[in-house]
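Here the structure is laid out as structure tokens; the discussion comes afterwards.
The values are calculated or read from the model by the stated rules, or taken from the named source; none is laboratory data. Quick caveat, the model's predicted, so the values are computed rather than measured. Counting neighbours? That spans all protein chains shown, and the Cβs are built from the backbone with ideal geometry, glycine included.
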Amino acid sequence: MTHLWGQAGELHSVRTSDVLLLLSMALIAAYGIVTIFIPESTGFLLWVYDWLLQISIALGYPGDFLVPLVGNAIVIIPFPYEGIPVRLGGITNPVTFDFVFDPTLVGLIAGFGAMIGEMVCYLAGRLGGRLVDEKQTSGFSAFVKRHSIAAPLAVFFVAATPIPDDAIIMPLGAVKYPWWKVVPPLLAGKAVELTAIAWAGRLSLDWIARLLGAIESAGILGTVIEVAAMALVVLCLYLLARIDWTRY
């Protein structure tokens, strides 16, 4: 009877994760459809983004810290905070035509703010880990311990690229991976990415900024990228509960 009860509990856990995945994907797809066919529905979000952009330019370095912090603290939903360092890196004095901000300092400050904001997602993953089957989280935790170099490298790689950080940070939070092991590679990766973006703004290399996600894609393509980013995060959280990590 105990064995049957255990199987039923495991089946219930799997079914619950499957249902949550389908529900999340349905909501993300609905968001994408509404955004594409009713573009005015995102008018308020665009207004907030433009407002934050103007505030950050007016504040300078403090704004360069604040906006990436806020952008990374938003869980799952991507926020194009990378547009801040690319613009600050290229701003010139209208009288002397000298550049106003040091792009390296812009990148480092933005990276520090982004790291602090992303730790909010780490905490969200840690709290959300209580909803995941303990056997699955312990399996992933053991997997991370067996491959000790994999987690820091994954954090650095994701942080230094346009891949959503939540895809790796939230699962690590869910298994209570030490925060002090997350911070150094996360900060280093963010600093590398945002410094490159700031220098792209200084050198007017729009193609680099676009590659790193600093310039928001327009229209349907931008929505597709945004929806894909959210789906990737949800899928990674689902795999945390679904894969038998003890086999790897």
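Within segment 211-243, restricting attention to residues that are of a type in the set (A, V, I, L, M) and outside any helix (DSSP H, G or I), which residue is modelled with the highest pLDDT? Full working, then the answer.
Taking segment 211-243 and keeping what is of a type in the set (A, V, I, L, M), we get 211-212, 214-215, 218, 220-221, 224-225, 227-235, 237, 239-241, 243.
Add one more test, that the residue is outside any helix (DSSP H, G or I), and what stays is 212, 214-215, 218, 243.
Working: Leu212: 56, Ala214: 55, Ile215: 52, Ala218: 52, Ile243: 81.
Ranking the candidates gives Ile243 first.
Name, by its number, the condition in (1) in contact with a helix residue (DSSP H, G or I) (Cβ under 9 Å, 6 or more places away or on another chain); (2) at pLDDT below 95 that does not hold for Val182.
(2)
Suppose we filter Ala73, Ala110 for residues that are under 17 Å from the mean Cα position of the chain (by Cα), modelled with pLDDT of 85 or more and surrounded by 24 or more Cβ atoms within 10 Å (Cβ to Cβ); which single one remains?
On the way: Ala73 fails: surrounded by 24 or more Cβ atoms within 10 Å (Cβ to Cβ).
Going through Ala73, Ala110 in turn, just one is under 17 Å from the mean Cα position of the chain (by Cα), modelled with pLDDT of 85 or more and surrounded by 24 or more Cβ atoms within 10 Å (Cβ to Cβ): Ala110.
Answer yes or no: is there a residue in segment 164-175 that is outside any helix (DSSP H, G or I), more than 11 Å from the chain's Cα centre (by Cα) and either over 20 Å from Ala73 (Cβ atoms) or at pLDDT 95 or above (or both). Reasoning before the result, please.
Looking only at segment 164-175, we keep the residues that are outside any helix (DSSP H, G or I), and these are 164-165, 175.
Imposing the further condition that a residue be more than 11 Å from the chain's Cα centre (by Cα) reduces the set to 175.
Cutting the leftovers down to either over 20 Å from Ala73 (Cβ atoms) or at pLDDT 95 or above (or both) gives us 175.
Yes; the residues of segment 164-175 include at least one that is outside any helix (DSSP H, G or I), more than 11 Å from the chain's Cα centre (by Cα) and either over 20 Å from Ala73 (Cβ atoms) or at pLDDT 95 or above (or both).
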